[in-house]
Each structure stands twice: as structure tokens, then as C-alpha cells.
Amino acid sequence: MQNNVLILDFGSQYTQLIARRVRELNIYCEIFPFNKIPEDLSSFKAVILSGSPSSVRSDAAPIPDLKNIRGHLPVLAVCYGAQYLAHSFGGEVNASNTREYGRAKLSYVSEDCPLFQNIAVGSQVWMSHSDSIIRLPEGAKHIAATHDVKYAAFQMPGELTFGIQFHPEVYHSTDGALLLENFLIRIAKLSQDWTPDSFVEMTVADLQAQIGSDRVVLGLSGGVDSTVAAVLLHKAIGKNLYCIFVNNGLLRKNEFEKVLDQYKHMGLNVKGVDATDQFYKALADKEDPEQKRKAIGKTFIEVFDQEAHAIQDVSWLAQGTIYPDVIESVSVNGPSVTIKSHHNVGGLPDFMKLKVVEPLRMLFKDEVRRVGRSLDIADSLLGRHPFPGPGLAIRILGDVTAEKVRLLQEVDDIFVEGLKTWGLYDDVWQAGVILLPVHSVGVMGDERTYEKVVALRAVSSTDGMTADWVHLPYEFLMKVSNDIINKVKGVNRVVYDISSKPPSTIEWE
Ligand code: XMP
């Protein structure tokens, strides 16, 4: 890919955000760890250095080798990146007593610097650092300040290399997008040709060249990623794409039939496989969340493997993997702990001996949706809330039975359809209901009841990594609670989950 931006990651929580902001400008970019700079830089026209939780003064500071970059390509160094430049090339960085975190206003801006074109004194920027640059490298030009941070931005002498102490990628930097635009378009002369339409055109041609007349198998889940991957492949190779949509008996009410029908209408060559009994059997008497996940993952692979082998001469496996799953992360605090196993149940083992094709592997989630729109996929499919691979099994706390699934499907349907009717569905990132393993006493008419309790969960989020509970209107919650208790036999109490992630998680198991 020509016209590409190289983002070097030093372990900042904001690195992916930088990449998304660049892509929002319709400019392609890729993230690499700071110590794995590609040898061939010919496709890159600009470089951005990310921030980092490390201090340049510590022994473990991440040190990049910029010899092929500085002076050859325009560089924008953000936060740690800027401190690294100052510290390593003759300036000075000191620890300050307090961490500077939050909003600040620019108090000085160099008028003739193209990086700050159309950005005025008073513009708000977002700071998040504890070290401070106290002296610039010899000859560096001071180009911006805030009240508290003198060297908020500088330019290295004789180079298109800029250091900025604040974070332009964070929304609170009100002119952050403009600063990135100044750097990428005015200074680095990149063109804005990374659009969903151009992606589709290029990817279809690549897929045709890569796959030729081979046959490809793909597992559809009803989710956005696998659907967009399928439509893209279908456009490239038509009937040689064989899709398999497995009913694990843990989907939402009527979901299997509805979505299968939609897929067929879209012209996809899809086979629906009802393996409900096989999944229920594998889950029987399993109460531990991890054991449940593993049983579901294993059964899925068995079913999929059998179906894939029934297709003659298939040689490729297509997957809806997206960029956040691919980016090699820079570990700053040692390997991360597994909180829940295999979030992506669709991941299939090597023993299938198929070559793997992943047409979405360079896209962020919001880009997958934009590509889906450019492929004319219905909004009802593209706008769907995320749904976990193990489905309702991880929302039925404890063991799973067919009867519990049916009951939860009814309750979940009332909640989700209610969100749609009240125009709340699109304001919520993900919603669902959890069936609790407790009974509560109630009274219906003159009768004492002793029945099940369900918890409603609705969260806002951008990527599922963090989430907050949604402040749904009381009137809506009242209506849904009444409907559930009146219509679903066996439930006599509804509660609403008001926990954020962290410290909770979105799913209860
Ligand atoms: P948690 O519960 O970890 O969930 O806050 C974050 C997001 O991941 C989804 N999720 C899963 N998806 N297999 C999946 O495919 C899983 O085992 C799994 N567990 C959680 C969850 O629905 C939310 O969107």
C-alpha cells in the first residue's frame, strides 16, 4: 500500500486512537512496535511516534532506531515521542512533582509553523504526562506553549520533525484533528485516498488474484465482521465462497432463521446447520464459565470441521479477523492476564490444513461498518449490537438447559425489541439479559410465587475494553419490567445492572 503512514508504538493506551484518527482523514496507516521498524520504508510518507507510560529517564525506556527515518521522512512525535527526541538529542527532560493530566489551553503558537496553521492561542489541548521537557535540543524551534508547559511543541532544526507534548488524537484536544491534518496533508503531502469504496475495489482485486478459482469456506455468525467479510469475498469469487452458519442453540429468539434468511436474500451461498442438540449435550451439567466456553468452542470446531470437509476441494478458510486482533502490542507491564478465554470463538485450529484469508485484517471496527455500507449491506445487519460467541450460555449463570435458554430468549427479546421501539437501540453499544441462579419470593394475585430473577444490562462503549452502564429512562425500565413479569412465566423479578467496566465486565461470566 503506497501513501502509508507508519505509527511507532511505545506502549501508549492511545496508539490505536492515533491510527483511527489518521484513518478518519481517509489516510492509510499501520502500527508497528517501536523495536520492529520495517526495513523497507519506501511505502511510508510520514511517521508518528506514540506516547508511552515509560519515562525516557528510566533504564527500561523504549528506544527506537530512527536512523532511516529522521531527516528522510516527516515525523510527528507525540508526548513520550517528543520527550524521547528532546532527551536523546541534546535537550533535557525532568521529572515534575505532579502528573499533568487533563485539559490545558495553548498560550503561545508560532504563527509561521505549518503544523499550527489555523490553530489559535486559546485552543484546548489534552495533556497526560509526568516528565517535562525543560530544555530543547540545540537549534530546535519553540512552536507552542501552554500556561504550565513551556515546551508544548517544537521543531528539530533543518528537519520536518516535530515534537508535541499534548495528545492530538484525544477528542478533548479540540483542534487535534486539524493538527494531524496539517502534519499529514500540508507537511507530509499525503493524499486522502483511503475510502471504503477504494478499499472494496482494491481488496476485491487482491482476493481474486490471491484465490483464483479455489474454493473458500467461511463461518458466518450473524455479526458485522463475518458478514462484511463474506459479502466482500462473494463479490470477488461468487459461488466459490461456501458459508456455514451454525445454530448452537444459544442465539437470540428466532435469530437463526431470520439471519439465515437475510443471508440467502443477499445472494450468499450459505448452509444453515442446526447443531443445537450437540451443543446442549456438550454443556450438560457444566457450571464453570470457562468450562462452558471451552465446551462451546470445541463443539463449534467439530461441527464446522465436519461441514467444511463435506465441501469438495476447499482449500481456503476465510475469517473476519479485524485490525485490533492483529496489532502486535508493546507490553509495558509484562504479559497481560487472561480474564476470559477465547473471546473469538470463531478462531479455528491449524489441523484443518486450510490456507487462511482475512480480508478485514487491516480494518478497525468502525471502518468495517463503513465498508459494509459501501457494499450495500442492510443497516439492520451493520448496526447490530455485538453478541458473544458463546451466546446466551454465558448469560445463564450456572448450568445451561434448553428450558432456561427458551426462557432467557423470551426475556431478552422483550428487552431488545423494547429498546428498538423506544428509539434507544442505537444509543446503546450492547444490551442483553442475564438469568440469575436465584429465586425470589413474589405475589401474583393472591398467590405467593417463588420464581426466577433476571438482570437487564445495557452499556455504552467504543470497543468493549471499557464500558459504562446506560442511564435508560425509568419509564422504559418500568414498561419492560412489567412486560417481562406479565408475559414470561417463571420470572417474578427484574433488576438493572449499574456497574461499569472496570471494575466489572460487560458479561457476568
Ligand atoms: P467482557 O465481559 O469481557 O466482554 O467485558 C467484552 C466484550 O466481549 C464479548 N465477549 C465475548 N465474545 N466470546 C466472544 O466471542 C466470548 O467468550 C466472550 N466473552 C465476552 C462481550 O459480549 C463484550 O462485547
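Assorted remarks:
- Of T449, T421, all but one fail to be more than 30 Å from D325 (Cα to Cα), among the hydroxyl-bearing types (S, T, Y) and either open to solvent by 80 Å² or more (accessible area, probe 1.4 Å) or out of contact with any strand residue (DSSP E or B) (no Cβ under 6 Å at 6 or more places or on another chain) (or both); the exception is T421.
- Applying the condition of being outside any loop (DSSP other than H, G, I, E, B) and open to solvent by 40 Å² or more (accessible area, probe 1.4 Å) to segment 490-509 and asking which residue is farthest from the ligand (Cβ to nearest atom) yields R493.
- Of residues in segment 452-489 being of a type in the set (K, R) and open to solvent by 70 Å² or more (accessible area, probe 1.4 Å), the one nearest to D412 (Cα to Cα): K487
- Count of segment 384-403 residues, restricted to those that are crowded, with 20+ Cβ neighbours inside 10 Å and in a helix (DSSP H, G or I), is 5.
- Checked across segment 161-173, the condition of being within 30 Å of D376 (Cβ to Cβ) and either open to solvent by 50 Å² or more (accessible area, probe 1.4 Å) or not in a helix (DSSP H, G or I) (or both) holds for no residue.
- For segment 411-455, filtering for residues that are part of a loop (DSSP other than H, G, I, E, B) and either more than 16 Å from the ligand (Cβ to nearest atom) or not aliphatic (A, V, I, L, M) (or both) leaves 6.
- Selected residue [over 20 Å from the mean Cα position of the chain (by Cα), more than 19 Å from G81 (Cα to Cα), among the hydrophobic types (A, V, I, L, M, F, W, C) and assigned to a helix (DSSP H, G or I)] from L190, L178: L178
- One residue alone among G81, G91, G102 is open to solvent by less than 70 Å² (accessible area, probe 1.4 Å) and either of a type in the set (K, R) or at pLDDT below 95 (or both), and that residue is G102.
- Strands (runs of 3 or more DSSP E) wholly inside segment 1-75 containing at least 2 residues that are in contact with a Ser or Thr (Cβ under 6 Å, 6 or more places away or on another chain): 4-9
- Candidate set from segment 404-418 (those that are within 18 Å of N486 (Cα to Cα) and open to solvent by less than 20 Å² (accessible area, probe 1.4 Å)); member that is nearest to the chain's Cα centre (by Cα): V416
- At least 2 residues being loosely packed, with under 15 Cβ neighbours inside 10 Å and not aromatic (F, W, Y) is the threshold, and among the helices (runs of 4 or more DSSP H) wholly inside segment 214-312 those reaching it are 255-265, 276-283, 289-309.
- Among residues of segment 15-71 being more than 21 Å from the chain's Cα centre (by Cα) and of a type in the set (S, T, Y), the one that is most open to solvent (accessible area, probe 1.4 Å) is S42.
- Cβ pairs under 6 Å, 6+ apart, first in segment 387-402 and away from the ligand (no atom under 11 Å from the Cβ), second among the charged types (D, E, K, R): I396/K404; G398/E287; D399/D285; D399/E287
- Residues of segment 148-169 satisfying the condition of being touching a Ser or Thr at 6+ places or on another chain (Cβ under 9 Å) and more than 17 Å from S130 (Cβ to Cβ): A153, Q155, E169
The values are calculated or read from the model by the stated rules, or taken from the named source; none is laboratory data. Owing to the predicted nature of the structure, the values given are computational and were not obtained by experimental measurement. Cβ sites come from the backbone with ideal geometry, for glycine too, and all protein chains shown count toward neighbours. Please note that ligands, DNA and RNA were not included when accessible areas were found on the heavy atoms of the full protein model with its side chains. Shrake-Rupley method; radii C 1.70, N 1.55, O 1.52, S 1.80 Å.
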